[in-house]
Amino acid sequence: MCGQGVNGFLQNAISSSSDPIANPNAYKPGGTSAEDINVITSKANPIIGAIVTVGVVVSVITMCILGIKYMVGSVEERAEYKKSMIPYLVGAVLLFAGSVVVSIIANLVINIKM
């Protein structure tokens with residue numbers, strides 16, 4: 001009997017909560033305000049900027065290392081470096097294209113909401 005009382009109390013506490021994590025029924029979509037958008041943008045911009053900066057630095061260093069190895073390598077080694085440059089180029093394109101696409105989408109959303 002005590003277990004049912006405690007469970008009933010917990011169910012009432014959860015269902016009366018306005019926190020969407022505790023009570024999924026409390027979530028109302030479309031309730032974002034300009035303040036919410038500004039908070040999200042202010043938190044996301046430094047993260048995206050840091051990821052792009054680290055990606056640029058790593059890709060430039062990697063390209064320099066591959067270029068030096070390519071220049072000093074023998075004919076067989078050059079063929080291997082050409083093969084290893086394909087995944088590098090694909091990764092660099094994905095990094096830069098991904099960050100540009102996220103920035104474009106963020107700008108579109110901001111312009112639509114305002």
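Ordered by the number of other Cβ atoms lying within 10 Å of each residue's own Cβ, fewest first, S59, S74 fall into the sequence S74, S59. Computed from point charges on the beta carbon alone (+1 for Lys and Arg, -1 for Asp and Glu), the dipole magnitude for the range 32-113 about its Cα centre is near 120 Debye.
Listed from fewest to most Cβ neighbours within 10 Å, the set T53, T62 follows the order T53, T62.
Taking label positions 7 Å along the Cα-Cβ direction at both Y70 and V54, the computed distance is 2.7 nm, reported to one decimal. Remark: the range 32-113 projects, on average over all directions, an area of 5.9 nm² (convex hull of Cα atoms). Maximal additional length on extending the S84-N23 stretch stands at 16.9 nm, based on 0.36 nm per residue less the C-alpha distance.
Computed from the coordinates by the stated procedures, all read-outs in this text should not be read as laboratory data. Since this is a predicted model, take the numbers as computed values, not measurements. For neighbour counting, all protein chains shown are included, and Cβ atoms are generated from backbone atoms with ideal geometry for every residue, glycine included.
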